[in-house]
Amino acid sequence: MNRFLKWVKVLFWAGLGAMATLSIITAIAYEQYHFPTQTEIQDPTNISTEYSREYQKTILKSRMSSVLTMSGDILSGMVATQSATYFVANDTPYIITTAHGILGPCFLMVVTHEEETIGCTDYMIVDREADYAIIKIEDKFFNRTPIKIPEDLPLGREWKKSYSILSKIIYTGYPNMVGPLTLKGDVVGYADGELVYIFSHAYSGSSGSGVFSTDGKYIGMIMAIDVGQNELGVDVLENIVIVTPSFKIDWAVVLD
């Protein structure tokens with residue numbers, strides 16, 4: 001009788017082992033031959049694993065804080081679109097973008113991402129000279145993750161490191177209302193007025209995109225692309241991008 005029970009136990013555990021092995025094989029086969037859904041492919045966390053975990057976190061931060069703005073002008077009937085970064089300060093929602101994309105009053109501006117559209121509450125500051133604007137919005141986004149000010153700004157020596165030559169950067173925007181598209185680049189030089197040159201790509205609508213260092217600090221925004229001259233006239237340099245550094249921004253308007 002004891003021998004019989006012993007064999008029953010052996011067969012029981014052998015069966016469990018076989019079932020576990022079969023489950024593992026099935027899972028591996030599913031992963032190898034499973035066709036991902038569109039939702040799985042477009043999930044914000046679907047980021048290349050060739051980068052470090054910190055780099056991947058920064059890419060996710062860049063993508064999840066990027067929004068699209070639309071500003072209208074009653075007199076001309078024109079509408080301007082550009083990119084922006086969604087942030088919170090003192091638990092209040094704002095966006096920061098370039099001033100040159102603001103055409104009319106606050107009530108003619110909306111901020112959007114996919115199905116979510118949120119209105120403008122107030123222009124906290126519109127600096128036409130430095131070309132940036134901080135805008136208070138009506139509510140927080142449900143499917144966006146804001147960066148935090150001042151927590152996500154560089155500190156101390158991080159400022160110098162962030163703008164050092166050939167430092168890597170990441171930004172996400174909506175060129176031509178397409179996106180969000182995430183690009184990387186390098187700091188390559190400096191322009192007048194404390195502006196920074198990066199080697200990347202930018203097109204109409206990229207203005208206002210938040211620029212991040214690889215360790216996740218908000219170091220500025222895309223302001224423009226460079227324009228040169230050749231024998232045929234004006235030549236747009238789409239891979240030489242001008243960035244307004246975040247130390248030029250008067251954050252006190254949202255921190256007081």
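The values are calculated or read from the model by the stated rules, or taken from the named source; none is laboratory data. The model shown is predicted, which means the values in this text are computed figures rather than measured ones. No Cβ is skipped: glycine too gets one built from the backbone with ideal geometry, and neighbour counts run over all protein chains shown.
Check whether at least one residue in segment 107-126 is among the small types (Gly, Ala, Ser) and buried (at least 16 other Cβ atoms within 10 Å of the Cβ), and report yes or no.
No.
For the structure I just gave you, tell me whether ILE137 is surrounded by 20 or more Cβ atoms within 10 Å (Cβ to Cβ), outside the structural domain of ILE219 (by TED's automatic domain parsing) and in contact with a strand residue (DSSP E or B) (Cβ under 9 Å, 6 or more places away or on another chain).
yes
So which of THR121, THR92, THR117, THR98 ends up being within 29 Å of LYS168 (Cβ to Cβ) and not hydrophobic (A, V, I, L, M, F, W, C)?
Unique residue meeting the criteria: THR98.
Do we find a residue being at pLDDT 95 or above, within 18 Å of the chain's Cα centre (by Cα), not aliphatic (A, V, I, L, M) and not assigned by TED's automatic domain parsing to the domain that holds ALA202 anywhere in segment 108-116?
no
Just give me the residues in segment 176-196 being buried (at least 16 other Cβ atoms within 10 Å of the Cβ) and either under 13 Å from the mean Cα position of the chain (by Cα) or assigned to a strand (DSSP E or B) (or both), in sequence order.
GLY179, PRO180, LEU181, THR182, LEU183, LYS184, GLY185, VAL187, VAL188, VAL196
(1) free of Cβ contacts under 8 Å to residues at least 40 places away in the same chain; (2) among the hydroxyl-bearing types (Ser, Thr, Tyr); (3) not in a strand (DSSP E or B): which one isn't true of THR145, the others all being true?
For THR145, the exception is condition (1).
A quick yes/no check of all residues on (1) out of contact with any helix residue (DSSP H, G or I) (no Cβ under 7 Å at 6 or more places or on another chain); (2) β-branched (Val, Ile, Thr); (3) at pLDDT below 95:
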site: ILE41; (1), (2), (3): yes, yes, yes
site: LYS61; (1), (2), (3): yes, no, no
site: VAL67; (1), (2), (3): yes, yes, no
site: ALA80; (1), (2), (3): no, no, yes
site: TYR94; (1), (2), (3): no, no, no
site: ILE118; (1), (2), (3): yes, yes, no
site: TYR132; (1), (2), (3): no, no, no
